[in-house]
Every structure is written in C-alpha cells, then in structure tokens.
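> Quick one: the structure is below, and I'll ask about it shortly.
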Amino acid sequence: MLYINRSSKTPIYKQIYDSFKEDILTGRYAPQTRLPATRRLAKDLGVSRNTVDLAYQQLVLEGYIVPHACSGFTVEPIAPATVYQPVKRKDTAEEQQKPKNKIQYDFWYPLLDCILFPMKTWKKLYCNALSEIGSSKFISYPERHGEPQLQKAIADYLFRSRGVHCAPHQVIISCGIQFNLELLLKLFDPSCCTAAMEEPGYNGVRDLLQANHFRVSPIPVDHDGIVTQHLKDCRASLLYITPSHQFPTGAILPVNRRMEILDWAKQQNAYIIEDDYDSELRYFSNSIPSLQSIDRNDRVIYLGTFSKVLAPGLRISYLVLPPQLLERYRQICGFYLCQVPYTNQLALTEFINSGYLEQHIRRVRHAYSEKQAKFLSAIDRVFGERIHLFSKNAGLHMLADIETTLTSEELIQRAEKVGIRVYSAKFCWSSPATAPEHQLILGYGSIPAQDYEPALRLLYHAWYEI
C-alpha cells in the first residue's frame, strides 16, 4: 500500500513516484498492469490531483509506464536484467550503537597549523581585489596561463628565493601540482617514454604516470637522495625528483649528484621534473638553490606550490617550462583555461609584491622550527631508542622506523583504537610488499605542540603495553 509521510522533507509527488518505481522494478506491478486513476488515487491519498499527475509524468518520462488516451496508464515491460532487488539499508539505531573510535590526533603529513594562515592580511587583500575588479572581468574568461601580473610576481620571487631563471611567460599557473602534471604529461608520448622516479617516492605522481600509461622505472634512494648510478642504467626520458627535500626520507641531494643528473639529462635528451614542494620550510640552514638554477641546458621543468607555505585550500600552484617546451605546451594544452579564480590571483600578486609572502615565510619557518624541536624532544622522552627518525632539518613530516615486532597494519590499527591516526610509508614504494615493514610517516604540522607528548604516550601504550 502506498504510504505518504507528510512530515518528510521529500516532496509528496516524489514519494508517490518512488513507491511506484520500486514496485515496478521489483515486479510487484507486472507488465501491462493498469495504475490507479489519478483522480481516485489523489482522493485516496488526500492530495491534489496535480501532485499525482506530476509523479505519473515523471514515470512516463523515464519509461516505467505508458499513457493511453482515455484509459489511464499501464506498466511498461522491462527486461529481466534491469529488475533489481532493493538493498536493505542498515537500521539507523544499529549503526548508532556500533562503537566508533573518535580520532583525537591525526599525524597526516600534509596537514598544516591553521592558526599560522595570515587570515587578516589575506582578507584585506582579497577585498581589495574584489573592489578593483570591473564588471568586465566577471563576465570574461581568465587568461589561459594565469594573470600576467601574478606570473611576473612569481618569476621575481623564484629568482630571489630559489635562484630560478625564467621569464614571466614561462610560468604556468594552475590549481594544483597534480593538475599541472596532468597537463605536462600531455607533452610526452607514453608509448616511447619511460618515466623514472625516486623509490621510495610520492605515490600521487606514480599513480598519475601509470594512469597516463607511462612505464615507471623506480630508482633507489639512499641517505643522500636518488642514486645516480642506477639512473644511468635505465633508459628513461623523463625523471621526477624532489632534490631539496626528498619525499618521504627528507634527504638533500648533494651538488655532485645534481650535476650528474643534469649531465645525464643532457646526454639522454631527457627532461627532469623538479618538485620543490616545501623548499621554504628549512630550519637549520638557508634554502638550498634549486636544481633549475644550475641547469644550463634547459632540461629542468620546475614545479612549485603555495599549499605548504600558505594553504592547500587556495589551490594555487605553478610550473616553469623551459623555452623549447613552452611552444609545444601552447600547441597541445593552449586551450585549457587557468583554473584559479581571478580574485585569488590578484590577492596573491599583492601578497607577494608587498613583501607579505617573505615576511609570512619567516614567521611560519620560525613557528614550525619550534614545533619540530618540541616534537623531537617529546619523541625522545617517550620512545627513547625505539624510534629512529630520518632527516630532521626541514618540512612538516618525518619518516620513522619503529622498533617493534608488529606490522605497519597492526601499528595503525592499535593507534586508531586509542584515537590516533598514523600512516604507513608502504604507499611510497612501487611494490608495497618489498617496503620496510615498520616505517611510518609522522606529520606534526597540525597538532598543537602541547599535545605532542600526550599523543605519543598514547601511541607508546598502544604499541608496547597493550
């Protein structure tokens, strides 16, 4: 029997439609069955005839019933393969009774400390951008490669901070590193192009390469970064690398290996994708010059982002193309429009040109340096020699080797039972089965410093005392 719930937020016509649709699909209404007349059904349900008409019209539109002149509606025959049994939803009360572990601390490595975002300054610049925009800008499409004033601001900033040599028109602005890479890969033919990358390395890039049908050649990493001898043994024509802060180990590629990689690229006529994802966050030394800054043969494609130093929610990243790739990019990807809103681009331009960016970088570098020192101190007090940490001089995460007989899956499960999320490093390996068993990536950026020790003591209890 058709039942109408008058307290439901679902419109009554939709309830009628849903009821008949389910009855038809489950076979309760056989083909050629005549539906109740609209006038009679409206009277029985205590609703207007227009409401019933609307439900029937939707059923006709979707092919469930057929109208007949002066004789109402009949059910349309439906192929048996399309008839389904409705999936029973779990009882809400039962769901609510299930015990759920409330997550109190999350060591997810991309997370930032939200209180460090310069909200007051950004709001002011954003409002200024809105007031400066004429109506013509709102009804116009954006510049394809980004607003020229932001391209120039980024080019100037990169030269000051990273030694990157480029003209403003070489800067392509987009809404995220992965989208930039997606466009960049269109410039290369995967059928005859092998892409090399660090092992372990950033799985998001590996997944993207494989999704675009590139053969991926993993190159081992040691305490100094990518092992160039192994690179020479593979026939890659594209190399993705994080030389200034290798992900996830934190290794810094020394200058002799940088020169070897540049020489390899020249000899192989290959290109290097340099991902400089968090170069601003270096704590115990000045920022290391980029690989692009010492490239004299235009073999380096430079990737950068404002996600780490400002906020990922702004969705502003960029790539710097060598001159010989720029024309190919215009031919193949020139029809893509910049995905970053004009107001965000204008606000960021002023943020850079007014000196706010470099002032903000000094502030967050100091804040994260203090947080890292407190995190290291808390780890030492709680775990002692039971955790070995890799590079500790930059970034918002550390690769940790845990002294335990538990698997990484067991470490994660036990942590979740005490309200903590930790993450295995296995996803950084092309073959997780060959990855070290007890390595985790611990991100400390978003957790308040005063909570480091309580969180770590919960982990110690979960891993060693339960």
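The values are calculated or read from the model by the stated rules, or taken from the named source; none is laboratory data. Predicted model only: the values in this text are computed from it and were never measured. We place every Cβ from the backbone using ideal geometry, glycine too, and count neighbours over all the protein chains shown.
> It is to be established whether one or more residues within the stretch 237-248 are free of Cβ contacts under 8 Å to residues at least 40 places away in the same chain, in a loop (DSSP other than H, G, I, E, B) and not assigned by TED's automatic domain parsing to the domain that holds Leu399.
No, the stretch 237-248 contains no residue that is free of Cβ contacts under 8 Å to residues at least 40 places away in the same chain, in a loop (DSSP other than H, G, I, E, B) and not assigned by TED's automatic domain parsing to the domain that holds Leu399.
> Looking at this structure, is Gly63 surrounded by 12 or more Cβ atoms within 10 Å (Cβ to Cβ) and at positive phi?
Working: surrounded by 12 or more Cβ atoms within 10 Å (Cβ to Cβ): no; at positive phi: yes.
The answer is no for Gly63.
> What residue, among those in the stretch 429-466 that are without any contact (Cβ under 8 Å) to a residue 40 or more places away in the chain, outside any helix (DSSP H, G or I) and touching a helix residue (DSSP H, G or I) at 6+ places or on another chain (Cβ under 7 Å), is surrounded by the most Cβ atoms within 10 Å (Cβ to Cβ)?
The extreme case among them is His438.
> Which condition number does Ser391 fail, the rest of (1) more than 21 Å from Leu253 (Cα to Cα); (2) hydroxyl-bearing (Ser, Thr, Tyr); (3) surrounded by fewer than 20 Cβ atoms within 10 Å (Cβ to Cβ) being met?
Unmet condition: (1).
> Continuing with the same structure: Have a look at Ile288, Ile219, Ile261 and point out the one that is of a type outside the set (Phe, Trp, Tyr), crowded, with 20+ Cβ neighbours inside 10 Å, in the same structural domain as Ser307 (by TED's automatic domain parsing) and assigned to a strand (DSSP E or B).
Details: Ile288 fails: assigned to a strand (DSSP E or B); Ile261 fails: assigned to a strand (DSSP E or B).
Criteria check complete, one pass: Ile219.
Yes/no matrix, rows are residues, columns are (1) surrounded by 19 or more Cβ atoms within 10 Å (Cβ to Cβ); (2) in contact (Cβ under 8 Å) with a residue 12 or more places away in the chain; (3) not assigned by TED's automatic domain parsing to the domain that holds Cys175:
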{"site": "Cys333", "(1), (2), (3)": "no, yes, no"}
{"site": "Ala367", "(1), (2), (3)": "no, yes, yes"}
{"site": "Glu370", "(1), (2), (3)": "no, yes, yes"}
{"site": "Leu376", "(1), (2), (3)": "no, yes, yes"}
{"site": "Leu396", "(1), (2), (3)": "yes, yes, yes"}
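> Go through (1) surrounded by fewer than 12 Cβ atoms within 10 Å (Cβ to Cβ); (2) in contact (Cβ under 8 Å) with a residue 12 or more places away in the chain; (3) polar (S, T, N, Q) for Asn50 and report which single condition fails.
Of (1) surrounded by fewer than 12 Cβ atoms within 10 Å (Cβ to Cβ); (2) in contact (Cβ under 8 Å) with a residue 12 or more places away in the chain; (3) polar (S, T, N, Q), only one is false for Asn50: (2).
> A further question follows. Name every residue in the stretch 291-316 that is acidic (Asp, Glu) and either crowded, with 24+ Cβ neighbours inside 10 Å or within 20 Å of the chain's Cα centre (by Cα) (or both), in order of residue number.
Result: no residue meets the conditions.
> Mind listing whichever residues of the stretch 299-319 are without any contact (Cβ under 8 Å) to a residue 60 or more places away in the chain, under 22 Å from Gly225 (Cα atoms) and not hydrophobic (A, V, I, L, M, F, W, C)? Break it down into steps so the answer makes sense when it comes.
We begin by selecting, within the stretch 299-319, every residue without any contact (Cβ under 8 Å) to a residue 60 or more places away in the chain; these are 299-300, 306, 309, 313-314.
If we keep only those that are under 22 Å from Gly225 (Cα atoms) as well, we get 299-300.
If the condition is that a residue be without any contact (Cβ under 8 Å) to a residue 60 or more places away in the chain, under 22 Å from Gly225 (Cα atoms) and not hydrophobic (A, V, I, L, M, F, W, C), then Arg299 is the only one that fits.
> So which residues in the stretch 317-344 are over 20 Å from the mean Cα position of the chain (by Cα) and assigned to a strand (DSSP E or B)?
Val320
> Please find, within the stretch 157-201, the residue that is surrounded by the fewest Cβ atoms within 10 Å (Cβ to Cβ) out of those that are more than 22 Å from His145 (Cβ to Cβ) and among the acidic types (Asp, Glu).
Taking the candidates together, the pick is Asp189.
> Restricted to the stretch 58-78, and to residues that are of a type outside the set (A, V, I, L, M) and in a strand (DSSP E or B), which residue is nearest to Gly27 (Cα to Cα)? First the steps, then the outcome.
Initially, the stretch 58-78 is screened for residues of a type outside the set (A, V, I, L, M), giving 58, 62-64, 67-68, 70-74, 76-77.
In the following step, the residues that additionally are in a strand (DSSP E or B) were identified as 67-68, 72-74.
Working: Pro67: 19, His68: 21, Gly72: 20, Phe73: 17, Thr74: 14 Å.
This residue is Thr74.
> Continuing with the same structure: Within the stretch 267-293, how many residues turn out to be closer than 23 Å to Leu181 by Cβ and without any contact (Cβ under 8 Å) to a residue 40 or more places away in the chain?
5
> Does the stretch 339-349 contain at least one residue that is surrounded by fewer than 16 Cβ atoms within 10 Å (Cβ to Cβ) and not assigned by TED's automatic domain parsing to the domain that holds Asp276?
The answer is no; no qualifying residue exists.
> Identify, please: which residue in the stretch 17-47 is in contact with a Ser or Thr (Cβ under 7 Å, 6 or more places away or on another chain) and either of a type in the set (Phe, Trp, Tyr) or not in a loop (DSSP other than H, G, I, E, B) (or both) and is, among those, surrounded by the most Cβ atoms within 10 Å (Cβ to Cβ)?
Result: Ala42.
> Ok, one more. Which condition breaks for Ser244 when tested against (1) over 15 Å from Leu291 (Cα atoms); (2) surrounded by 23 or more Cβ atoms within 10 Å (Cβ to Cβ)?
Tallying (1) over 15 Å from Leu291 (Cα atoms); (2) surrounded by 23 or more Cβ atoms within 10 Å (Cβ to Cβ), Ser244 fails exactly one: (1).
> Any residue at all in the stretch 77-90 that is surrounded by fewer than 15 Cβ atoms within 10 Å (Cβ to Cβ), of a type in the set (Gly, Ala, Ser), at pLDDT below 95 and over 26 Å from the mean Cα position of the chain (by Cα)?
Within the stretch 77-90, one or more residues are surrounded by fewer than 15 Cβ atoms within 10 Å (Cβ to Cβ), of a type in the set (Gly, Ala, Ser), at pLDDT below 95 and over 26 Å from the mean Cα position of the chain (by Cα).
> In the set Pro142, Pro99, which member is farther than 30 Å from Ser19 by Cβ, outside the structural domain of Val309 (by TED's automatic domain parsing) and modelled with pLDDT under 95? Reasoning before the result, please.
Working: Pro142 fails: outside the structural domain of Val309 (by TED's automatic domain parsing).
Result: Pro99 is the single residue among Pro142, Pro99 that is farther than 30 Å from Ser19 by Cβ, outside the structural domain of Val309 (by TED's automatic domain parsing) and modelled with pLDDT under 95.
> To continue, here is another question. For the stretch 401-412, which residues satisfy the criterion of being of a type outside the set (Ser, Thr, Tyr) and under 24 Å from the mean Cα position of the chain (by Cα)?
Residues satisfying the conditions are Glu409, Ile412.
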